[in-house]
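Report on the structure given below.
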Amino acid sequence: MRGIEISYCNVCINALVGAYKQLLQTSAIEALAKSNYGKSDTRGFDAIVESIIKRRLNNYDNEVVLITEETDQTTSRTWPIDPDPSQQPKMFFSDPVDRSKYLEKLIMKMTENDDIKHIKIGELLGRKDVVDIWESVVDHEPVAITGATAAITYVNRGHIVFSVILNFITSEIFVACDMGVSRMPIDVHEKKTERLLEYMVARGEKIHFRSAQESFSSEDDYNRFVTFLGKTMYAEIFEESRVIIGDYGKFLHHREPGGPSRILYLSDLQNGDTPIGFVIGNGEKIGEWIHWLAFVKFARNKHGNPALRAYEISLKKALFKDEVLVATPPAYSIFNCQDENRCYIDVSRMKNHDAPSRFRSIIVVAPCDNERITPIMDRHEYRDIGKCL
């Protein structure tokens, strides 16, 4: 990354860490209270995290565009219409609190016998049993993947520059950029945080993504997948994708996973006894899956070659979720590969949406050497979008 891009990454890391620190100082009753900010189901913790992210980015550069579900009314009025990526503004896609439903359940479970007016979130998340309680709430592990998260992904001039993900439960931060893919615990007492990216690159733990050929031991491993099926229509969307035809239930590892952190199921953070063959963004909103793309772009295997491959699925049948097309055909896709020598992400394709954050797509990510997925993608003529990233 260039100097300015490193600066933006440090701003995003600091925004997430700053939001996390503020959340820790918030009382449980304030965190759970309904907020006038954003949607009708927005809780206090949602508003706190998003407001700090927004303020930190705008303080650094007031011309950037921040895309969240709560900022749609503002961003839709100024959305870029020029398809030339060099003429588009700096775009920051954010999911301020993913898995908020489960975070709310965690707080309520940990305070069910207490007066919650004065209990700080920091006291709850600092408890030694918080991981066990979280895993009982979500009924899944490991918490490094399943934890509630905040995420920011930067797109500039048509290409992914970096993604930053913060896990609220494990108190750690993940970064994917051209300097590497790594994670590091957050020191909430550290005041000097201006150069956290450089510190992470030097001292963070590298994240490795599994090779199918070297790690999978059975056919089930190649077929095992994670996607979201937890609401109406999502089962129909998956079936229409034809990634697995017939009884797919025996291969489904988790039906209500998180969004940004789902990509980590393909890494060595996932239990080695149940490696995951692929993950799918199942017609979900862009804020759920765009954060995966930095990992696809920058993750390398032990030989220095790309570790992951991403595909976009277009359906023969037009399906709509909340009045939005769940899978865009190539002519309307944000992944512009019409010219093989000039592939890029064209955010202007989202300009027709009243709420840009509601843009949906079906994205499949798998290890590069998962030889079950590649033929399926080729057979259905689903597009490899790696060149666009």
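General remarks:
- Take the convex hull of the alpha carbons in segment 212-388; its mean projected area over all directions comes to 10.1 nm².
- For segment 195-294, the spread of Cα positions along each principal axis, largest first, Å: 48, 33, 17
- With 20 Å bins beginning at zero, the pair-distance distribution over Cα atoms of the chain amounts to 29, 61, 10, 0 %.
- Largest-first principal axis extents of the Cα set of segment 256-356 (Å): 42, 37, 24
- Cα-Cα separations in segment 3-206 greater than 25 Å, expressed as whole percent: 38
- Per-residue ellipticity at 222 nm from helix content only, as computed over the chain with -39500 (n - 2.57) for each DSSP H run of at least four residues, stands at -8500 deg cm²/dmol.
- Size of electric dipole in segment 3-206: Cβ of Lys, Arg +1 and of Asp, Glu -1, about Cα centre, debye, nearest 20: 400
- Of the trypsin sites (Lys or Arg not before Pro) found in segment 11-97, those in coil by DSSP whose Cβ has at most 15 other Cβ atoms within 10 Å are Lys39.
- Our coupling estimate for segment 92-98, obtained by passing each phi through the Karplus curve with A = 6.51, B = -1.76, C = 1.60 and θ = phi - 60°, is 10, 8, 9, 10, x, 9, 8 Hz, Gly and Pro reported as x.
- Only Lys, Arg (+1) and Asp, Glu (-1) charged, at Cβ; the chain dipole about Cα centre in debye: 660
- For segment 80-135, the Rg and Dmax computed from alpha carbons only, in angstrom: 19.3, 57
- Ordering Tyr382, Tyr311 from the fewest to the most neighbouring beta carbons within 10 Å gives Tyr382, Tyr311.
- Gyration tensor verdict on segment 10-98 (Cα atoms; rounded if a/c is under 1.5, prolate if a/b is larger than b/c, oblate otherwise): oblate
- Just checking the listed ones, Val243, Val97, Val64: in the Gaussian network model of the chain with Cα springs under 10 Å, the one fluctuating most is Val64.
- Cleavage-rule hits (chymotrypsin sites (Phe, Trp or Tyr not before Pro)) in segment 1-88: DSSP loop, at most 16 neighbouring Cβ within 10 angstrom: Tyr37
- When the chain is treated as a Gaussian network with alpha carbon springs shorter than 10 Å, the biggest mean-square fluctuation among Asp369, Asp61, Asp346 belongs to Asp61.
- Taking amide hydrogens as placed 1.01 Å from N in the peptide plane, the amide H of Ile207 sits under 5 Å from those of Val181, Ser182, Arg183, each at least 5 positions away in sequence or on another chain.
- Measure of compaction for segment 165-238 (Cα Rg per 2.2 N^0.38 Å): 1.57
- Residues Asp187, Asp273, sorted so that the one with the fewest Cβ neighbours within 10 Å comes first: Asp273, Asp187
- In a DSSP loop and with at most 10 other Cβ atoms within 10 Å, the GluC sites (Glu not before Pro) in segment 43-134 are Glu63, Glu112.
Since every read-out is calculated from the coordinates, none of them should be taken as a lab result. All of these numbers come straight from a predicted model, not from anything done at the bench. No Cβ is skipped: glycine too gets one built from the backbone with ideal geometry, and neighbour counts run over all protein chains shown.
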